Amino acid sequence: MGYKIAVVGATGNVGREMLNILAERQFPVDEIVALASRKSLGTEISFGDRTLKTRDLDTFDFTGWDIALFAIGSDATKIYAPKAAKSGCVVIDNSSLYRYDPDVPLVVPEVNPEAVLGYAKKNIIANPNCSTAQMVVALKPLHDRARIKRVVVSTYQSVSGSGKEGIDELWDQTKSIYNPTDSKPPRKFTKQIAFNVIPHIDVFLEDGQTKEEWKMVAETKKIVDPSIKVTATCVRVPVFVGHSEAINIEFEDHLDEAEARDILREAPGIMVIDKREDGGYVTPIECVGDFATFISRIRQDPTIDNGINLWCVSDNLRKGAALNAVQIAETLGQRVLKKG
Ligand code: 2RA
């Protein structure tokens, strides 16, 4: 016997990836439904070699469904997630709505799989922000060995993190650069994104950091260890898919680069590609469609006592969103629901 799974927001980038990944990983599905808003009703979406027609989220009854993977904005999640959860369906939510709620676990299965057991208070499990998910996969095994004191991270985040509008804006603006009569002013982003970088993701907070930067701090503390200090600068770059991060880590204990490389090689979810030669590292375009978080450029930071620098790249629509959600469903299945 398998699971009855609902994918909510099935026509979006993340919802489609959720369906692809459920099929690719042969998640034990007995029944699956693709839900969307009324305006996308009847849209056909692939699930492995099947085609699903989207059904109306607004009138859907979640009673009897095991797991709902939510990939819609926080405002709509606020309406539909409690409805699904109250009818006994476990919600795995990709929005930021529940991430900081103490009664909702925030889970990256390679890092804190045991946290899924806390799902029962609200029948909801939160999926972290994309930039946090890939970073904590890299931090956790190093923290277990040498205890991380502080992390300084700069991100290079692709436009797909901001949804379809962001992808369209980079595409249209790039084409318009070659055709000046067809100029495409910024709409989704605050400045031109084609052939440019923008040091601003999500809204500004009072202290000058952006919400995206704050999320990396708060979520790392909740998932890995509240004692870890994190400071982040999040930057949007003209890349379609794949977030990159330059991460500087300061440890309590000494950790040399060779041992860090060995630890990361053995760690779940990580692929180390780190040759000190031209091209001996991973760039975002190479990680698209992959499940792994790729680590390159592992090296000592000689300016502090116990420091390591590394480069971390992952498919933000997969590990940063859909894959992590499906992995949470797998963990919930193995540890709690035990069907399939
Ligand atoms: C972004 N972090 O890249 C967001 C997506 N969740 O904009």
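The values are calculated or read from the model by the stated rules, or taken from the named source; none is laboratory data. Nothing here was measured: the structure is a model prediction, and the numbers come from that model. Because the Cβ atoms are built from the backbone with ideal geometry, glycine has one as well, and the counts that use them run over all protein chains shown. Each accessible area value is taken on the protein alone, full model and side chains, heavy atoms only, with ligands, DNA and RNA left out. Shrake-Rupley method; radii C 1.70, N 1.55, O 1.52, S 1.80 Å.
Evaluate the range 303-310: report whether one residue or more is in a loop (DSSP other than H, G, I, E, B), open to solvent by 70 Å² or more (accessible area, probe 1.4 Å) and touching a residue at least 24 places away in the same chain (Cβ under 8 Å).
yes
For the range 311-327, how many residues meet the condition of being in contact with a helix residue (DSSP H, G or I) (Cβ under 7 Å, 6 or more places away or on another chain) and either open to solvent by 30 Å² or more (accessible area, probe 1.4 Å) or away from the ligand (no atom under 16 Å from the Cβ) (or both)?
Residues in the range 311-327 being in contact with a helix residue (DSSP H, G or I) (Cβ under 7 Å, 6 or more places away or on another chain) and either open to solvent by 30 Å² or more (accessible area, probe 1.4 Å) or away from the ligand (no atom under 16 Å from the Cβ) (or both): 1 in total.
From 72, 125, grab the single residue that is in a loop (DSSP other than H, G, I, E, B) and surrounded by 22 or more Cβ atoms within 10 Å (Cβ to Cβ).
Just a single option satisfies the conditions, and that option is 72.
Residues that are modelled with pLDDT of 95 or more and under 20 Å from the mean Cα position of the chain (by Cα): does the range 249-263 have at least one? Break it down into steps so the answer makes sense when it comes.
First, pick out the residues of the range 249-263 that are modelled with pLDDT of 95 or more: 249-263.
From the residues that got through so far, the ones that are under 20 Å from the mean Cα position of the chain (by Cα) too are none.
There is no residue in the range 249-263 that is modelled with pLDDT of 95 or more and under 20 Å from the mean Cα position of the chain (by Cα).
How many residues are within 15 Å of the ligand (Cβ to nearest atom) and in a loop (DSSP other than H, G, I, E, B) when one looks only at the range 192-204?
7
Could you tell me how many of the residues in the range 130-158 are within 16 Å of the ligand (Cβ to nearest atom) and within 18 Å of residue 222 (Cβ to Cβ)?
Matching residues across the range 130-158 total 9.
Considering only residues of the range 284-302 that are open to solvent by less than 50 Å² (accessible area, probe 1.4 Å) and without any contact (Cβ under 8 Å) to a residue 60 or more places away in the chain, which is farthest from the chain's Cα centre (by Cα)?
In this case the residue turns out to be 301.
Quick check on the range 303-340: of everything there that is of a type in the set (Gly, Ala, Ser) and closer than 23 Å to residue 248 by Cβ, which residue is farthest from the chain's Cα centre (by Cα)?
The residue in question is 307.
Which is assigned to a loop (DSSP other than H, G, I, E, B) and surrounded by fewer than 24 Cβ atoms within 10 Å (Cβ to Cβ), of 110, 114?
Numbers: 114 fails: assigned to a loop (DSSP other than H, G, I, E, B).
Result of the check over 110, 114: 110.
It is to be established whether one or more residues within the range 263-281 are surrounded by 15 or more Cβ atoms within 10 Å (Cβ to Cβ) and in a helix (DSSP H, G or I).
The answer is yes; a qualifying residue exists.
Kindly provide the set of residues from the range 176-191 that are within 16 Å of the ligand (Cβ to nearest atom) and open to solvent by 70 Å² or more (accessible area, probe 1.4 Å), ordered by number. Can you show your working first?
First pass over the range 176-191, keeping only residues within 16 Å of the ligand (Cβ to nearest atom): 186-191.
Answer for the range 176-191, where residues must be within 16 Å of the ligand (Cβ to nearest atom) and open to solvent by 70 Å² or more (accessible area, probe 1.4 Å): 187, 188, 190, 191.
Taking the stated definitions as given, is residue 119 more than 16 Å from the ligand (Cβ to nearest atom), open to solvent by 20 Å² or more (accessible area, probe 1.4 Å) and either assigned to a strand (DSSP E or B) or under 15 Å from residue 6 (Cβ atoms) (or both)? Steps first, please.
Details: more than 16 Å from the ligand (Cβ to nearest atom): yes; open to solvent by 20 Å² or more (accessible area, probe 1.4 Å): yes; either assigned to a strand (DSSP E or B) or under 15 Å from residue 6 (Cβ atoms) (or both): no.
No.
Kindly evaluate residue 116 against the criterion of being over 24 Å from residue 201 (Cα atoms) and either of a type in the set (D, E, K, R) or modelled with pLDDT of 95 or more (or both).
Numbers: over 24 Å from residue 201 (Cα atoms): yes; either of a type in the set (D, E, K, R) or modelled with pLDDT of 95 or more (or both): yes.
When the stated conditions are applied, residue 116 passes them.
Report whether or not residue 217 is within 14 Å of the ligand (Cβ to nearest atom), modelled with pLDDT of 95 or more, open to solvent by 10 Å² or more (accessible area, probe 1.4 Å) and not aromatic (Phe, Trp, Tyr). Lay out the reasoning, then the answer.
Working: within 14 Å of the ligand (Cβ to nearest atom): yes; modelled with pLDDT of 95 or more: yes; open to solvent by 10 Å² or more (accessible area, probe 1.4 Å): yes; not aromatic (Phe, Trp, Tyr): yes.
Judged against the criteria, residue 217 is a match.
Restricting attention to the range 159-175, report how many residues are open to solvent by 10 Å² or more (accessible area, probe 1.4 Å) and either within 16 Å of the ligand (Cβ to nearest atom) or of a type in the set (Gly, Ala, Ser) (or both).
Number of matching residues: 7.
Out of all the residues in the range 81-113, which are away from the ligand (no atom under 16 Å from the Cβ), among the charged types (D, E, K, R) and either touching a helix residue (DSSP H, G or I) at 6+ places or on another chain (Cβ under 8 Å) or in the same structural domain as residue 244 (by the TED database) (or both)?
103, 110
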